[in-house]
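Peer 1: Below are the structure tokens for one structure; questions will follow.
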């Protein structure tokens, strides 16, 4: 048994002996190094060694969730005592359901890559590699971005006798390249294993888009067919992923609030999978926070809403089964994967009479989460498509539409998929370029 | 703070000394503890409670022109030595990649202890009373609608205390303690034929329970939910022609945060956030240029008592003061830390803040507001023949150089001949930074503040801020309309 499993286990025992009816503990221990890059040089090198202790405690169906980054275990023990007094004063939770019986967990092989582990000691070569790769495009003036390497351990203990451990490595990197007066391009990658080719590919795409998007022209906003890059669709998928959590629906922040599984919610060409056992994506995990085996499941399959993500609590309330997505309170997606189509990017472009290829966006905000009324502002390279061909780089616009309509207007999907993970795509995502018909865009009027 | 505090004082000073002995040109250490308690509920029913404790030490060093940061929450000498060495070694390893070595400007750093004293500390109120708040809010909101219903009312009550000891190799030594209180909710008003209307709102301040009496949230909810029902049932499309617009203080606050505060962050101007939140339309050398008319004065002031973004010394030990970012329409001063101050040849104006022990201090706003004028609300609207008053918003965004922005009104009214008439549905104010600051034609006299959590950095750091201003009048604006 690893030491953090033992500590988790002791904390659970301690909570029970203090008088709690049920308890669970997750300890996450991370070693993490990040090089942040600006103006083609490191702006800061950050390293963390952290131990985070999360406690789930129940007394008479009253729920307390505790997040601790304690300076010592004594502090955790002291907290448990205080929390019991607190628990007696709060109310029975309508969300309460007993923790599930433990399962035999099927581990995911090859979650740890020694090369990443080693690189956390000195990532300067990798930082140099991505900067240098982008500058191979001689018209690139400077780049910004980051590379983040993590070795993480996770231990779970529950009062139902689950005792689980998992360790993994991950790598996140993104780069934004600038060229000339107005050219810029950005790309990202999220991996479990160090793959310098993928880092180079990421840097090259950013550099190429920067150079190709120089000398942008203004265009009028209106309805356009849009080809959304994996960066852009990944950002919207983040929202869709969270909106498919039963808790998000419960708290009134989801377009699926008035839907049931079986409802048609998107174009029949669209399939979105929560894919926790995909070993390539950094959100993968063999067990959820309640100690249940994770499994792959479609959230949307051929346009039909298939699965709402549940933990035992939300599942009990909805009279269904957990989907292995706990979060003790909030069920969460692990990795989001879009089933690819069979178009090459050129072929997607050929499908468009008048439209825009959107390579990046940020700042997506909603007027109404239930209706899905939103806008997001594009950034970096944008290309006008006329008569099936890219005609010129254009200046930024907003995408301002309704999410349900956008999902219904998905027309075609690329065959090549990209692993995206960055600031604006928080859930690791694998998706192709996607063509969406008739999307509203807008722009400042003055 | 007793013996425990003293121990951490020693560790912080030890970290600074140890880093200097290793050869760091500059060293800084911060013991940073945050404790919090929260209760969350849905439709008045408490779902659970949460407790948060985060405590550790973060260390930052400057070595051969490269900056290293490291942190740990194991607080003994060995652990602190490890993180200092880590920060040192990694900064050194990356110094070979530096084209322009990082330097810090000299600063008159402080040695001080300060804190915010709650008028009514959190522990003077029983948990039961904190739970009852949720029931009260729910009753106020759900009881005020007639035809529609409140489908969801999700609320959170959060109290927290942030304690810091900051020391650096230039002699700074600052201890601080800041308690904060925050309430947020998500309200969904639903009607079977008309659909839904949604409102998020956040209240926040430094201090204690006394703020609840100030905010009177139940009263506000009762009044406002009724209005939201009417907006949902009755609102009309906004006019399509050019009109005058009264931008309510809530929207003004957000606008100055987004289009003055952020682009005035000197690290952003210098490209340090280029791959994350982006750059700035303000370029080096643009100080003194005009961005608006004489009504455009935006101040960022960390020292406002009771404010959510309150502090007296920043995390580099520099004393805080009000900063005039735009002054009478001129780009006047940026937000600086000691690195950007060096490049600009000025003194830092104390904008370096870190979210927690795991975070490097970076340039942040504190409390940003548009300077008010002397108009009453009636005077602002009295000569408007046709216009729209946008009181609150939900959707907004701004581009990554902080130039093109969009705000979608939630509670909004048609103005005709100097009077508020019917509600207007989802009016879209989409304009450039220069257009906003150039078109302010009159300023209300009442300054109001709103609370928010501002995000920036990598890893992203959220810090508490206020933003505010008066109601303002803009002339000749063409509003858009959100897609149906």
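Peer 1: Would you tell me the mean number of C-beta atoms belonging to other protein chains that fall within 10 Å of each C-beta in A:433-446, as a whole number?
Peer 2: Partner Cβ neighbours, averaged per residue: 4.
Peer 1: Which percent, to the nearest 5, of DSSP beta bridges fully inside the range B:323-473 are antiparallel?
Peer 2: 90
Peer 1: Using the per-residue mean of other Cβ atoms lying within 10 Å as a proxy for protection, in what order, highest first, do the peptides A:360-373, B:76-89 fall?
Peer 2: Most protected by this proxy first, the peptides run A:360-373, B:76-89.
Peer 1: Give me the distance in nm between label points sitting 7 Å out from Cα along the Cα-to-Cβ direction at residue A:21 and residue A:195, one decimal.
Peer 2: 4.8
Peer 1: Cut-off is 10 Å between beta-carbons; in what order do A:249, A:37 appear when sorted fewest neighbours first?
Peer 2: A:249, A:37
Peer 1: Given 0.36 nm per residue, what is the gain on full extension from residue B:422 to residue B:13 after removing their alpha carbon distance, in nm?
Peer 2: The span from residue B:422 to residue B:13 would gain 141.0 nm if fully extended.
Peer 1: A further question on this structure: Please pull out the direction-averaged projected area of the range B:243-481, using the convex hull of its alpha-carbon atoms, in nm² to one decimal place.
Peer 2: Over every viewing direction, the Cα hull of the range B:243-481 projects on average to 12.0 nm².
Peer 1: Among rounded, prolate and oblate, which fits the range B:2-234 when a ≥ b ≥ c are the square roots of the eigenvalues of its C-alpha gyration tensor, a/c under 1.5 means rounded, and a/b larger than b/c means prolate?
Peer 2: Prolate shape, in that a/c is at least 1.5 and a/b is the bigger ratio.
Peer 1: Then there's this: Divide by every residue of chain B the summed helix terms, -39500 (n - 2.57) for each DSSP H run of at least 4, and state the resulting mean residue ellipticity at 222 nm, rounded to the nearest 500 deg cm²/dmol.
Peer 2: Per the formula, -7000 deg cm²/dmol.
Peer 1: Arrange the following residues from fewest to most other Cβ atoms within 10 Å of their Cβ: B:94, A:440.
Peer 2: Starting with the residue having the fewest Cβ neighbours, the order is A:440, B:94.
Peer 1: Still on this structure, please answer the following. Only Cα pairs within less than 10 Å get springs; with that Gaussian network setup on chain A, which residue of A:408, A:213, A:93 has the largest fluctuation?
Peer 2: Result for chain A, Cα springs under 10 Å: A:93 fluctuates most.
Peer 1: I've got another one for you. Once you have a ≥ b ≥ c as the square roots of the Cα gyration tensor eigenvalues for the range A:223-442, tell me rounded if a/c is under 1.5, and otherwise prolate or oblate according to whether a/b is larger than b/c.
Peer 2: Prolate is the answer for the range A:223-442, as a/c is 1.5 or above and a/b outweighs b/c.
Peer 1: Let me have the relative contact order for chain A, percent, based on Cα pairs under 8 Å that are six or more residues apart.
Peer 2: Relative contact order for chain A comes out at 16 percent.
Peer 1: Next question. In the calculated pair distance distribution of chain B, what percentage of Cα-Cα distances lie above 28 Å?
Peer 2: 56
Peer 1: Which whole number gives the average count of other chain Cβ atoms within 10 Å of the Cβ atoms across peptide B:451-460?
Peer 2: So the per-residue partner count for this stretch is 3.
Peer 1: Tell me the Kirkwood radius of the range B:1-94: reciprocal of the mean inverse pair distance over distinct alpha-carbon atoms, in Å.
Peer 2: Computed over the range B:1-94, the radius equals 14.7 Å.
Peer 1: Sorted by average packing, counted as other Cβ atoms within 10 angstrom per residue and highest first, what order do A:411-418, A:329-336 take?
Peer 2: A:329-336, A:411-418
Peer 1: What nm distance separates the two modelled labels at residue B:98 and residue B:327, each placed 7 Å from Cα along Cα→Cβ?
Peer 2: The two pseudo-label positions are separated by 3.3 nm.
Peer 1: To continue, here is another question. I want to verify the translational diffusion coefficient of chain A in µm²/s; compute it with Stokes-Einstein, Rh as the Kirkwood radius over Cα pairs, at 37 °C and 0.692 mPa s.
Peer 2: Diffusion coefficient, whole number: 141 µm²/s.
Peer 1: Okay, moving on. Mean separation of Cα pairs under 8 Å and 6+ residues apart, divided by the residue count of chain B: what relative contact order is that in percent?
Peer 2: 16
Peer 1: Something else now. May I ask you to list the residues of the range A:399-425 whose amide nitrogen lies under 20 Å from a point 7 Å from Cα along the Cα→beta-carbon direction of residue A:345?
Peer 2: Under 20 Å, as judged by backbone N against the label point of residue A:345, lie A:411-425 of the range A:399-425.
Peer 1: When a/c is below 1.5 the answer is rounded, else prolate if a/b is larger than b/c, else oblate, so apply that to the range A:96-245 with a ≥ b ≥ c taken from the square roots of the Cα gyration tensor eigenvalues.
Peer 2: Oblate, since a/c reaches 1.5 and b/c is not below a/b.
Peer 1: Shielding by partners for B:302-308, please: the mean number of other protein chain Cβ atoms within 10 Å of each residue's Cβ.
Peer 2: 0
Peer 1: Translational diffusion coefficient, Stokes-Einstein: compute it for the range A:1-123 using the Kirkwood radius over C-alpha pairs as Rh, at 37 °C and 0.692 mPa s, and state it as an integer in µm² s⁻¹.
Peer 2: Roughly 190 µm²/s, to the nearest whole number.
Peer 1: Next question, about the same structure. At 0.36 nm per residue, and after removing the present C-alpha to C-alpha distance, how many nm does the segment from residue A:81 to residue A:317 gain when stretched out fully?
Peer 2: Extending this stretch completely gives an extra 82.0 nm.
Peer 1: Right, here's the next one. In whole Å, what are the Cα extents of the protein assembly as shown along the three principal axes, biggest one first?
Peer 2: 71, 64, 63
Peer 1: Here is a follow-up. If the chain between residue A:92 and residue A:446 were fully stretched, how many nm would it gain, using 0.36 nm times the residue separation less the Cα-Cα distance?
Peer 2: Result for the pair: 122.1 nm of gain on full extension.
Peer 1: Restricting to DSSP H runs of at least four residues, report the calculated mean residue ellipticity at 222 nm for chain A, -39500 (n - 2.57) per run over all residues, nearest 500 deg cm²/dmol.
Peer 2: Calculated at 222 nm, the ellipticity per residue is -7000 deg cm²/dmol.
Peer 1: Among DSSP bridges having both ends in chain B, what percentage is antiparallel? Round to the nearest 5.
Peer 2: Within chain B, antiparallel bridges account for around 90 percent of the total.
Computed from the coordinates by the stated procedures, all read-outs in this text should not be read as laboratory data. These numbers come from a predicted model, not from an experiment. Here the Cβ is made from the backbone with ideal geometry for all residues, glycine too, and neighbour counts use every protein chain on show.
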